[in-house]
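A.B. asks: Before I ask anything, let me first share the structure, which is written out below as structure tokens.
The values are calculated or read from the model by the stated rules, or taken from the named source; none is laboratory data. Computed from a predicted structure; not experimentally measured. As a convention, Cβ positions derive from the backbone with ideal geometry for all residues, glycine included, and neighbour counts pool all protein chains shown. The protein model used for the area step is the full one, side chains on, heavy atoms only, and it has no ligands, DNA or RNA in it. Shrake-Rupley method; radii C 1.70, N 1.55, O 1.52, S 1.80 Å.
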Amino acid sequence: MTWGVGIIGAGPGVAALHAPTLARTAGDFQLVHVSDGGSGRAAAIAERFGARSSSGVDALLADPEVEVVAVCSPPEQHAAHVRASLAAGRRAIFCEKPLATTLEDAEQIVAACADAGALLVVGTNHLFDPAWSRATHHLHATRDRVRSVSVTLSLAPNGRYHELVTGAPLPAPPGPARPPIDPDDRELSARIVRQLVVGLAVHDLPLVRDLVPDATEVVWARPVAPIGFDLALRSPDAVVRFTAVMGPEGADSLWRVNVATDGARVDVEFPPPFVHAGSARTTVRDGRGIQTVYPIDRRDGYDAEWRALAALLRGETAMEYDELRADAAFVIAVADGAAAAVRDGVLA
């Protein structure tokens, strides 16, 4: 069976990631409608994939061919668009990360989906990446205690990889760009760091929760100019370091997760955003000095998250609302803690 998908949002992630990925799902999904918030970008994306386009959400939610709604709008609009999708009778929703920007909204959304029996997948593509499954399989098999997790990312401007994938730039989005961090303005820096944790660190914080579920205590946090953050978390048994910065024009992206246990080191290196180059690469070094490098899977996390929704729709897997709620709560707890630490000047 092929399910028709309507995507709310028309940013680079839709043009370079979700629309091409839907075309590769072996007939499970077909893009039928794209809507934007008035930017005019939906028409360009829809034309490439033979879909319809509109502005706002009303026409998309009234489209009878839209069976699955993909919420790919700006993060602060996710909660409202999931609610609107439920109100319009849709019972299969893909929501880009983050599910919501506040704990109240996240809990209400998950509860509303559970009450309606709606299927919900959150697009945390790193969590779905086959390479992460290999990494966690190794960790569970050895039963080694996790002692530290470090996440390091330096992102090139989105346009670099977006244009390589699509072959053309999208029209510029409306509204001002995010301002650079001013280290002397703690309130502004705290707001920006919180936005970055909720919208960017959310890629990997569910991975951290997988390994160190009680590491929500923010030891310290600081803004990194021009746009970035550096923070540390701890639990009774492990420490977590998370560093992210937006790189300059011309820079390559780097995205790594490193896990140290009592007896091994596991390194996972993800490909740059927007690039369809298969899975991340996982390397394991054990205490005897033996190194195992797992081959790159042709599937990536973007493909796997949509296949996960197809499996739910076919009844092959169970819907786990508690996991979505716990991931969202973990991310928001870290974001709130990081913002408070920056606001209070907690650097050590």
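A.B. asks: For the list (1) touching a strand residue (DSSP E or B) at 6+ places or on another chain (Cβ under 6 Å); (2) within 16 Å of residue 132 (Cβ to Cβ), I need the number of the one condition that residue 279 fails.
C.D. replies: The one condition residue 279 does not meet is (1).
A.B. asks: I would also like to ask the following. Does residue 102 qualify as being at pLDDT 95 or above, closer than 21 Å to residue 245 by Cα and open to solvent by 20 Å² or more (accessible area, probe 1.4 Å)? Don't jump to the end; show me each part of the working.
C.D. replies: On the way: at pLDDT 95 or above: yes; closer than 21 Å to residue 245 by Cα: no; open to solvent by 20 Å² or more (accessible area, probe 1.4 Å): yes.
It is false that residue 102 is at pLDDT 95 or above, closer than 21 Å to residue 245 by Cα and open to solvent by 20 Å² or more (accessible area, probe 1.4 Å).
A.B. asks: Output the qualifying pairs, or none if there are none: Cβ atoms under 9 angstrom, residues six or more apart or on different chains, first residue in segment 309-336 and at negative phi, second residue buried (at least 18 other Cβ atoms within 10 Å of the Cβ) and among the aromatic types (Phe, Trp, Tyr).
C.D. replies: 309/3; 309/29; 309/94; 310/3; 310/29; 313/3; 334/242
A.B. asks: Could I ask something else about it? When you check residue 187 against the structure, is it farther than 30 Å from residue 286 by Cβ, of a type in the set (Asp, Glu) and at pLDDT below 90, yes or no? If you could, list the steps in order and put the result at the bottom.
C.D. replies: Numbers: farther than 30 Å from residue 286 by Cβ: yes; of a type in the set (Asp, Glu): yes; at pLDDT below 90: no.
When the stated conditions are applied, residue 187 does not pass them.
A.B. asks: Let me ask you something else. Of everything in segment 11-28, what is of a type outside the set (Val, Ile, Thr) and open to solvent by less than 10 Å² (accessible area, probe 1.4 Å)? Give them in sequence order. Talk me through it step by step, then tell me what you get.
C.D. replies: Going residue by residue through segment 11-28, those that are of a type outside the set (Val, Ile, Thr) are 11-13, 15-20, 22-24, 26-28.
Correct list: 15, 16, 18, 19, 22.
A.B. asks: Since residue 157 meets every condition but one in (1) modelled with pLDDT under 80; (2) more than 28 Å from residue 296 (Cβ to Cβ), which condition does it not meet?
C.D. replies: Going through the list (1) modelled with pLDDT under 80; (2) more than 28 Å from residue 296 (Cβ to Cβ), residue 157 breaks only (2).
A.B. asks: Also, I was wondering about something else. Go through segment 266-298 and report how many residues are under 16 Å from residue 153 (Cβ atoms), at pLDDT below 95 and aliphatic (A, V, I, L, M).
C.D. replies: Of the residues in that region, 1 qualify.
A.B. asks: Then there's this: Quick one: which of 87, 116 is open to solvent by 60 Å² or more (accessible area, probe 1.4 Å), modelled with pLDDT of 95 or more, more than 25 Å from residue 208 (Cβ to Cβ) and of a type in the set (Gly, Ala, Ser)? Let's see the steps before the verdict.
C.D. replies: Values: 116 fails: open to solvent by 60 Å² or more (accessible area, probe 1.4 Å).
The unique qualifying residue is 87.
A.B. asks: Within segment 220-245, how many residues turn out to be open to solvent by less than 60 Å² (accessible area, probe 1.4 Å) and touching a residue at least 60 places away in the same chain (Cβ under 8 Å)?
C.D. replies: 12
A.B. asks: Next up: Which one is nearest to residue 267 (Cα to Cα), of the residues in segment 286-311 that are of a type in the set (A, V, I, L, M, F, W, C) and outside any loop (DSSP other than H, G, I, E, B)?
C.D. replies: Keep residues of segment 286-311 that are of a type in the set (A, V, I, L, M, F, W, C), which gives 290, 293, 296, 304, 306, 308-311.
Filter again for outside any loop (DSSP other than H, G, I, E, B), leaving 293, 304, 306, 308-311.
Working: 293: 10, 304: 21, 306: 25, 308: 25, 309: 28, 310: 30, 311: 29 Å.
Selected residue: 293.
A.B. asks: Given the conditions (1) open to solvent by less than 20 Å² (accessible area, probe 1.4 Å); (2) closer than 29 Å to residue 192 by Cα, and given that residue 31 satisfies all but one, which numbered condition is not satisfied?
C.D. replies: For residue 31, the exception is condition (2).
A.B. asks: Still on this structure: If I go through segment 228-239 residue by residue, how many of them are in contact with a Lys or Arg (Cβ under 7 Å, 6 or more places away or on another chain) and part of a loop (DSSP other than H, G, I, E, B)?
C.D. replies: 2
A.B. asks: Which numbered condition trips up residue 337, out of (1) open to solvent by 50 Å² or more (accessible area, probe 1.4 Å); (2) modelled with pLDDT of 95 or more?
C.D. replies: With respect to (1) open to solvent by 50 Å² or more (accessible area, probe 1.4 Å); (2) modelled with pLDDT of 95 or more, residue 337 is out only on (1).
A.B. asks: Take residue 309 and tell me if it is under 19 Å from the mean Cα position of the chain (by Cα) and surrounded by fewer than 17 Cβ atoms within 10 Å (Cβ to Cβ).
C.D. replies: On the way: under 19 Å from the mean Cα position of the chain (by Cα): yes; surrounded by fewer than 17 Cβ atoms within 10 Å (Cβ to Cβ): no.
Judged against the criteria, residue 309 is not a match.
A.B. asks: Next question, about the same structure. Picking from 263, 250, which residue would you name as being open to solvent by 40 Å² or more (accessible area, probe 1.4 Å), small (Gly, Ala, Ser) and at pLDDT below 95?
C.D. replies: Numbers: 263 fails: open to solvent by 40 Å² or more (accessible area, probe 1.4 Å).
Answer to the selection: 250.
A.B. asks: Something else now. Can you name every residue in segment 204-227 that is in contact with a helix residue (DSSP H, G or I) (Cβ under 7 Å, 6 or more places away or on another chain), closer than 25 Å to residue 183 by Cα and outside any loop (DSSP other than H, G, I, E, B)?
C.D. replies: If the condition is that a residue be in contact with a helix residue (DSSP H, G or I) (Cβ under 7 Å, 6 or more places away or on another chain), closer than 25 Å to residue 183 by Cα and outside any loop (DSSP other than H, G, I, E, B), then 205, 218, 220, 221, 222, 223 are the ones that fit.
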